[in-house]
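To start, the structure under review is shown below, and the notes come after it.
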Amino acid sequence: MKIDDEELRDLYELSSQERLRRLEAGLLHLQTHPEDEAVLEELRRDAHSLKGDSRSVGVETVESIIQQVEAILKTIQAKRVLPSMVSDRLHQGFKAIGQLVHEAVTGQPSAIDITHFVELLMAAHQELETLQSITPAEVAQTDPTGLSSFIEDEELRNLYEFSSRDRWRNSKQGYSIFRSILLMRLPLKICDGKPTA
């Protein structure tokens, strides 16, 4: 189904792509910080807005899938856990939504099986529902070694987050840029940020 009005099409495409970008980035963050309330709230807002936008322009396919995403995000917020299987299903759902948005904007069929993706996300949600909640005290105890996987250097942390996205993994140019910057930064990091002679 293609959105008839060109202006609505353009607006829907831009807003949907931005919301999907934020949903993907937020999900990457949640994989290591499922208890982050602020990020969860932002993701729930983006999912809800994408659902409303889709409903307003008649893209029921996206609305059906994003409704399941909303339910999963709400449960992650309540339970403070994000198993990798659920994360994988959300990524698959976001990819399907991206293809459905493209279909709504261009009219080119996406071949996405809506029922399959709704069922996939519903199964992930049911699996998530069976898990026990994690308290903040338990979150603090999840690293018995006292070592943190947190990247201290803000520039490296931002670069790592950015490069982790699918588009970089699938791009030779992106990989080369990431590797070059990382190699330039590592000697400085190893030497506590002091240039070596």
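Given a Förster distance of 25 Å, report the FRET efficiency between His33 and Glu119 from their Cβ-Cβ distance, rounded to the nearest 0.05.
0.30
Hey, how much of the P(r) for segment 6-140 falls beyond 26 Å, as a percent of Cα pairs?
I get 21 percent for the Cα pairs in segment 6-140 exceeding 26 Å.
Quick note: the coordinates plus some simple rules give every number you see, no bench work behind them. On a predicted model such as this, the values are computed, not experimentally measured, just so you know. Note that we place each Cβ from the backbone using ideal geometry, even for glycine, and neighbour counts take in every protein chain shown.
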